[in-house]
Amino acid sequence: MTDSDRWLLIVGLAAITFALKAAGPVALGGRPLPAPALRVIALLAAPLMCALVVTALFSDGPRWSVGAHTIGVAVAGLLMWRWRLPLLWAALVATALTALLRAIT
């Protein structure tokens, strides 16, 4: 695959992505959404964020795994939930713990 082929692929994928994202607003054409649809859309943010976090937390490439990064994030979550530690400090503790666990294993 040459460089021009790669760039053509990138531009093509960007155009397809843009078309898919624009399809919804174009199809609705400024009409208001029904109330049930608005309620469902309002409830989608939390489950989607949870799915992204779980996927990032337990995946190691193409397979599922539990490792040092999983323990670090779990400890950060516990620190923020139980002891109300700010996000920055919890992230620093998680980073240090993950580095320590990776160093000793």
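Say whether the condition of being on the phi > 0 side of the Ramachandran plot and out of contact with any Asp or Glu (no Cβ under 9 Å at 6 or more places or on another chain) is met by at least one residue in the stretch 66-81. Among the residues of the stretch 66-81, not one is on the phi > 0 side of the Ramachandran plot and out of contact with any Asp or Glu (no Cβ under 9 Å at 6 or more places or on another chain), which makes the answer no. When Ala46 is tested against (1) among the aliphatic types (A, V, I, L, M); (2) over 17 Å from the mean Cα position of the chain (by Cα); (3) loosely packed, with under 10 Cβ neighbours inside 10 Å, exactly one condition is not met: (2). The set of residues in the stretch 22-53 that are more than 30 Å from Val73 (Cβ to Cβ) and in a helix (DSSP H, G or I) comprises Ala22, Ala23, Gly24, Pro25, Val26, Ala27, Leu28, Ala35, Pro36, Ala37, Leu38, Arg39.
The set of residues in the stretch 68-105 being of a type in the set (Gly, Ala, Ser) and surrounded by fewer than 14 Cβ atoms within 10 Å (Cβ to Cβ) consists of Ala96, Ala99, Ala103.
Every read-out reported here was derived from the displayed coordinates using simple, explicitly stated rules and does not represent laboratory data. All values reported here derive from a predicted model rather than from experimental measurement. Here the Cβ is made from the backbone with ideal geometry for all residues, glycine too, and neighbour counts use every protein chain on show.
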